[in-house]
Amino acid sequence: MDARARISKLVAAAERLADGEDPLGREARARLPDSTGLSAENIELALTEILETRPSASELEELMTGAVAAAHVHVLLSSNVFVAAHRAIACALASSPRVTVRASRREPVFPELLRRASGLFEFAAELCPEPGDEVHAYGSDATLAELRGTLPESVVLRAHGAGFGVALVGEASRRAAEELARDLVPFDQRGCSSPRAAIVLGSVESAREFAQHVSAELARANRRIPLGRLSADELAEMARARSTWTFAGELFETGSSFVALDPMGERLTPAPVGRNLIVVPSRPDLDWLEARAAEVVTIGVAFGSELEGLARKVAPSARVVPLGRMQRIPLDGPLDRRPTLVAR
Amino acid sequence: MSWLEESDELHRRVRSFVAGEGQDDFDGLALDIARYQARWSPGFGRLYAERDAFRCAGDVPALPVDAFRLTRVAVHPPEADVARFATSGTTGSERGIHAFRTLETYSAIALRWAERALLAPPGAPRVVLALAPRPESPPESSLGFMLQLFHRHFDGRERATWLIEDGALKLDALERELDSARQSGERVLLCATSFALVLLLDELQGRRLPLPPASVVMQTGGFKGRVREVEPNQLGSEVAKTFTIPKSAIVGEYGMTELTSQLYEGTLPGAALATPPGIYVPPPWLSVTAVDPVALEPLPEGVEGLARFVDLGNVDSAVAILTMDRVRATGSGVELLGRAPGALPRGCSLAVEALLGG
């Protein structure tokens, strides 16, 4: 089976999981709320709107062109975004017919269902690459650093570490706020593409107005798709951030999360995970952002505007996508396009 | 009353409290400081929105230390600053600033509690040596300023001895100072960060540097995940062996840039504070509570939580502070249990480490 056939087979497996009428799709809906902590509504959203089940031919071509052939690829998955297993395994299958997956201990369900639906890869409790193999690893910077120290020489490591998304808006429009709220909800903001800050090119007053719009939209979204279970560390970080931003800026509550205005402007302070956002005003040139660009995985902008070019200029390695689609990234390769740590 | 008059009056009342004089009780003074802060600072006005319902110091919402990195935490305007103590920075993080409009209260507080923890018998003359760099002028490090105070008040010699220069330990100078102190029979108070002590031990490679009898080592700061870590007990044993002093003469100090007050271990025989090793004693003008990291509510004694401080010394900054340090309250003080997950490394050891190129 060639790479194209392998990936097509994997995408067909993903389609089964997205289908609520398929037995595997039903099983996914029954088991994933527990393993991910996400609400049932958020699981449904991820399976039906975010899981990449309809890649175009050109996207798949790009995915395959970007892959480097390898005899055996080992994949270390993270638990933050459950559907990310699909993209990670697709990238591995583009490189090799032999793929071994080490699933996250916290979220092993989705890879298991994908394996049952596709039969394309195997599982391992621990990664045991041999010389010449590749390891594709997704996780925290600490996990990746630890992994790097344990791999034998001549194993290629492609490591995808921490990062976050940023929204860039030119004015305090309600439409942009609505689209941004749509990007904040999936995976309760745990994805490396999830927006954690919004930059408003304008005054503090504009930024305040936008923060109010986003909080109103997010409150609505939170009612429609409830926030799931957060870890104790995530809840603690939110509690501290609420007090900090009450003092340092202005806090707008959305029911279960918050939007904060950072009036100091022109700095990037990512909000804690859990559908929270820091809104910051900036002058239009965005020069200050270049120093933090390496941390930004995705920038969401109103497409067709001059902001698109500005975003590409200040963060050349980030994906620039339309607002409202920051979590709906084409299946054209790894989501994170920042320079990958490749170690041998 | 203007903010300045109000601030002056509160500082006066705090210094009286520290001196054991005046009519104030801890809770009343803490609430008056909180109300002053809310009256003159919009940030505190928002944070203390429920201030009319505060009944005790524990009701005052604690400001997380992150705020010191993100914004100015001061009731007074920048032009009134007489000192700005900065937290040690880490790559990619901004440094937190604690601004002071007077250092009179800071000095009274630092000296009063250090006397009780580090001097036995009280008031006896000693040579103060700082295994630290000479502070900038004006000082940017609260530790540097405190060590200057110790030299000025506990030593009495004109010239202070700073034993780190241009990023290197001045081992020769330390040896000369100790020789001289041994000959004159003067006891020594050697103040050092944990990091500097490890460096010294590494440089000495097992060689001993005996301190005169009745000398004390004040050890502050941890390793914060940045350098070769030495288990505290092992470090204590090695320091005691190197300086030929009992382990009880190594007194741990806990302070942070965002606080005005310090805590000490009460291990020194004959000193006013007496606790087992590892228990840090807050002064009467500082309360420490372990709080639940999510609810931010106080936890029962013996249960681990984040350290929440109410520091009467923080008249013009934040009277209640929430840190990322994990603590457990005991009957006589608090046990320090390290940093919470996700916390940025910080501490005086980092500042020394940065200077030494670590």
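Coordinate-derived values only; no laboratory data. Everything quoted here is computed from the prediction, not taken from an experiment. As a convention, Cβ positions derive from the backbone with ideal geometry for all residues, glycine included, and neighbour counts pool all protein chains shown.
With a Förster radius of 41 Å applied to the beta-carbon distance between residue B:50 and residue A:175, the computed FRET efficiency rounds to 0.65.
Scalar couplings 3J(HN,Hα) for the range B:42-58, obtained by applying the Karplus form with A = 6.51, B = -1.76, C = 1.60 to θ = phi - 60°, are x, x, 5, x, 6, 5, 9, 4, 8, 4, 5, 9, 5, 10, 8, 4, x Hz; x denotes Gly and Pro. Think of the range A:164-322 as a dipole: +1 on every Lys or Arg Cβ, -1 on every Asp or Glu Cβ, centred on the Cα centre; then among A:170, A:199, A:231, A:231 lies furthest on the positive end.
Placing a pseudo-label 7 Å from each Cα along the Cα-to-Cβ vector at residue A:303 and residue B:171 gives an inter-label distance of 6.5 nm. Dividing the summed helix terms, -39500 (n - 2.57) for each DSSP H run of n ≥ 4, by the number of residues in chain A produces a 222 nm estimate of -12500 deg cm²/dmol to the nearest 500. Under 5 Å from the amide H of residue B:251 lie the amide H atoms of B:217, B:218, B:219, each residue being 5 or more positions distant or on a separate chain, with H modelled from the backbone and absent for Pro and chain starts.
Taking other C-beta atoms within 10 Å as the exposure proxy, B:324, B:218, A:264 rank A:264, B:324, B:218 from fewest upward.
Here A:72, A:136 are placed in order of increasing Cβ neighbour count within 10 Å, fewest first, which gives A:72, A:136.
Couplings 3J(HN,Hα) of the range B:5-14, computed from phi: 4, 5, 4, 4, 5, 5, 4, 4, 5, 5 Hz, in residue order, whole Hz [Karplus 6.51 cos²θ - 1.76 cosθ + 1.60, θ = phi - 60°; x for Gly and Pro].
Please give the length that would be gained between residue B:237 and residue B:335 if that part of the chain were fully extended, namely 0.36 nm times their separation in residues minus their C-alpha to C-alpha distance (nm, one decimal).
Fully extending the segment from residue B:237 to residue B:335 adds 33.3 nm.
Averaged over peptide B:63-71, the number of partner chain Cβ atoms lying within 10 Å of each residue's Cβ comes to 6.
Think of each Lys and Arg Cβ as +1 and each Asp and Glu Cβ as -1; about the Cα centre, that makes the dipole of the range A:3-160 roughly 260 debye.
Summarising the label geometry, the points placed 7 Å from Cα in the beta-carbon direction at residue B:179 and residue B:304 lie 4.8 nm from one another.
With the cut-off at under 20 Å, measuring from each backbone N in the range A:86-130 to a point 7 Å along the Cα-to-Cβ line of residue A:56 picks out A:87, A:91. The ranking of A:89, A:7 from fewest to most other beta carbons within 10 Å of each one's beta carbon is A:7, A:89. In this simple spin-label model, placing a label point 7 Å from the Cα along the Cα-to-Cβ direction at both residue A:203 and residue A:220 gives a separation of 2.7 nm. Positive contributions from Lys and Arg (+1) and negative ones from Asp and Glu (-1), summed over other residues with Cβ under 13 Å from the Cβ of residue B:236, come out at -1. Helix-only arithmetic for chain B: the sum of -39500 (n - 2.57) across DSSP H runs with n ≥ 4, divided by the residue total, places the mean residue ellipticity at 222 nm at -9500 deg cm²/dmol. In this structure, the amide hydrogen of residue B:338, modeled 1.01 Å from its nitrogen in the peptide plane, lies closer than 5 angstrom to those of B:326, counting only residues at least 5 positions away or on a different chain.
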